[in-house]
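Accompanying notes for the structure given below.
No lab work stands behind these numbers, since they all come straight from the coordinates. What you are looking at is a predicted structure, and each value in this text was computed from that prediction instead of being measured. Virtual Cβ from ideal backbone geometry, glycine too; neighbours counted across all protein chains shown.
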Amino acid sequence: MERDNWIQSRVTRFEKQPRFAWICSIAWVALVTFVAFWLHLGSIGLVDETEPLFAEAARQMNVTGDWVTPYFNGVTRFDKPALVYWIAAIAYKIFGVNEWSARFPSAIAATALTGLGFYTLRRFGYASPAALDSFPSQPAATQTSLQLWLSAAIGSALIALNPQTIVWGRTGVSDMLLNGCIGSALLAFFVAYAQPDRPKAQGRWYLAFYVLTALAVLTKGPVGAIIPGLIVLVFLLYVGKLRPVLREMRLLWGGLLFAAIALPWFVLVIQANGEAYINAFFGYHNFERFTQVVNRHSAPWYFYFLVVPIGFLPWSIHLPIAIARLQFWQRRYWQQQPRSAQLGLFAWVWFGVIFGFFTIAVTKLPSYTIPLLPAAAILTALFWSDQMTRSRPNRATAISHWANVGLLVSLAGAILYCTRWMGDDPEMPKLPELLEQSGILIVGAVIWGSAAIVALALQIRRQGRWLWGVNLVGFTAFVLLVLMPATAIMDSQRQLPLRQMAVAIVQAQQPAEPAVMVGFAKPSMVFYTQRPITYIEELDDVPRRLVKLAAQRPKPPSILVLGRTRKLKESGLLDADRYRYETIANFSVYQLLRINLPLKR
């Protein structure tokens, strides 16, 4: 009774002081997103091989003034549409050309999605349709309001604080921007759908759905419309409201708005590049990725059954029961529920459609399932808000709680011994040793071990409903005290030597002297030197390509060659009988040479 009175007093205070409530809400979202996305955002270098491609293409837009056709290293880049480049290029103009600006599109998209997730859950985050009924211990209004605040607070934290979202929210590629646009579009749709009695507000939110879907298409192409369209279609068919909702959505006007935003750039880029763009983007990067393996990104059919649980740790341990508790197979029951109580069902459809869509796709990458993580967060948040307002968990929930304790113990052991499983990365040969010397692995083991002890104590005292707080504190501490220092160590081993080489190239390069990378392609060199780099990945092709470079006009005085020392030896460039060279710089496993001309025969 004392606990119930305390809860009721807190909820009453929030309800009577809406300004105070929303100040706390904004502060909570700001804190969560700052830790997840903005803290030390630009503290490490761009990570090869993909991130610098986006960063440099955006920089080239400012340099060339061509905001239609993206370029990298003097070659058109048709992998993705232009929105991510536009945002990064604008960030460069405002904040300067740096890593922080390159990652700004991802961080701002993740932040906006988290904020909209909080808003949606605060309004419609009922733990279950039963939450609209009265509870024995408290008045229905108080209980329902408490669940809404719990759903919003927990859900927004889960949307931001999970491994995959943190990684991609701090990486300057298009994946998180796509996630932000698709996730926000779907949330906007549900907010509109859930309030049929407020036509003006409903119309504005449907308008936002069309705008955000168009932005998703401008981020990654047709998939930006296909995924939210499929989710909305499946959901409306399930609840039996397809025709009335489609009338509400005003498809004709919405379609025109969508086309006005999404299509002009595609028209301009096709006019500028013709069939080359159509074949590269629509053919290779969309149709072929879905129907066949591209860039050797193949995986077994069960790939995402492993990726999603790992990428959503530690919350994924509760995903099965969070989904099962909805009893989604009870279609008639859900069809009888008010729209405002169907957020859990909508999140389940959201999760299932994306999971199924990319499981069917032949090309598989871990990042493809990022757009289902907000749905997973909503499902799990509804589960926990339900647990917080129940007196005792049922048997299935108790099993889930004990599994949570076991997971925390497993994480402690995995962190402590992770260096034994690390592969022998030729670019980071000292990484396992440095991680052990830093002591952060012990810190990580202590964090998860302490969380396991607290979780065990809560279970013994039958207070398992607070496990979400243990997970949240433990995961946040792990991010701040282990993950961020570990990424700094990895950067010092993997990317810092390349940035040092970029400085050496800028300082040493003579007029008309080409710079060549042998044995691998590291796009970060183009970004950090802000100069064209010639890649020769096939070692057997090195002699022919060097002869070709030596014969170009204006005739170069020499050729700068960068590569791992082992690759330079394999290519024969360190053979004094074949080449006249001098060593310009050595950093870690990399070496910079100057090959003097004319070449020896």
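What does the extension gain come out to for ILE23 and ARG395, with contour length at 0.36 nm per residue minus their alpha carbon separation?
Full extension from ILE23 to ARG395 adds 130.1 nm.
Please give the Cα centre distance for region 322-386 versus region 399-463, rounded to the nearest Å.
For region 322-386 versus region 399-463, the Cα centre distance is 29 Å.
Can you work out D for region 179-252 in µm² s⁻¹ from Stokes-Einstein, where Rh is the Kirkwood radius over C-alpha pairs, the temperature is 20 °C and the viscosity is 1.002 mPa s?
After rounding, the answer is 175 µm²/s.
Could you work out the relative contact order of the chain, using alpha carbon pairs under 8 angstrom and six or more residues apart, expressed as a whole percent?
14
Would you mind telling me the antiparallel percentage of the DSSP bridges in region 455-601, rounded to 5?
In region 455-601, DSSP labels about 70 percent of beta bridges as antiparallel.
For VAL234 and TRP402, what does the FRET efficiency come to when R0 = 35 Å and r is the distance between their Cβ atoms, rounded to the nearest 0.05?
FRET efficiency, VAL234 to TRP402: 0.55.
For region 429-444, in order, what is each residue's ³J(HN,Hα) by Karplus, 6.51 cos²θ - 1.76 cosθ + 1.60 with θ = phi - 60°, in whole Hz (x at glycine and Pro)?
Taking θ as phi minus 60°, the curve returns x, 9, 4, x, 5, 5, 5, 5, 5, 5, x, 6, 5, 5, 4, x Hz for region 429-444.
Placing +1 on the Cβ of each Lys and Arg and -1 on the Cβ of each Asp and Glu in the chain, which of ALA82, PRO371, LEU257 has its Cα farthest towards the positive end of the resulting dipole?
Final value for the positive-end residue is LEU257.
Report the normalised scattering of the chain as log10 I(q)/I(0) at q = 0.06 Å⁻¹, calculated by the Debye formula with identical scatterers on the alpha carbons.
For the chain at q = 0.06 Å⁻¹, log10 I(q)/I(0) is -0.37.
Per DSSP helix of 4 or more residues, -39500 (n - 2.57); summed, then divided by the residues of the chain. What does that give at 222 nm, rounded to the nearest 500?
-19500 deg cm²/dmol
In Å and whole numbers, how far do the C-alpha atoms of region 303-355 stretch along each principal axis, longest first?
36, 19, 18
Kindly state, to the nearest 0.05, the FRET efficiency for LEU31 paired with ILE90, given R0 = 45 Å and r defined as their beta-carbon distance.
That gives a FRET efficiency of 0.95.
Name the longest site-free stretch of the chain, where the excluded sites are GluC sites (Glu not before Pro) in a DSSP loop with no more than 13 other beta-carbon atoms within 10 Å.
Longest gap between qualifying sites, sites excluded: 50-536.
Run through the DSSP bridge list for the chain and note the antiparallel percent, rounded to the nearest 5.
Rounded to the nearest five, the antiparallel share is 70 percent.
Just how far, in whole angstrom, is region 482-546 from region 238-266 if you go by their alpha carbon centroids?
The distance from the Cα centre of region 238-266 to that of region 482-546 comes to 47 Å.
Please identify the longest segment of the chain free of exposed chymotrypsin sites (Phe, Trp or Tyr not before Pro), where exposed means a DSSP state other than H, G, I, E or B and no more than 13 other Cβ atoms within 10 Å.
Excluding the exposed sites themselves, the longest stretch runs over 1-300.
Based on the Cα gyration tensor of region 496-596, what are the three equivalent ellipsoid semi-axes, each the root of five times an eigenvalue, rounded to whole Å and given largest first?
The equivalent ellipsoid of region 496-596 has semi-axes of 18, 16, 13 Å.
Where does the charge balance sit around GLN530 when Lys and Arg score +1, Asp and Glu -1, over other residues with C-beta under 9 Å from its C-beta?
It works out to a net charge of +1.
Please list, ordered by chain and number, the residues whose modelled amide H lies under 5 Å from the amide H of ARG580; skip anything fewer than 5 residues away on the same chain.
ASN596, LYS600
Report the full-extension gain for the segment ASP575 to ARG198: residue separation times 0.36 nm, less the Cα-Cα distance, to one decimal in nm.
127.9 nm
In whole Hz, what ³J(HN,Hα) sequence does region 374-387 give by Karplus (6.51, -1.76, 1.60; θ = phi - 60°), x for Gly and Pro?
In residue order, the calculated couplings are x, 5, 4, 5, 5, 4, 5, 5, 5, 4, 6, 5, 5, 5 Hz.
What is the extension gain from ARG531 to ASN62, computed as 0.36 nm multiplied by their sequence separation minus the C-alpha to C-alpha distance, in nm to one decimal?
167.4 nm
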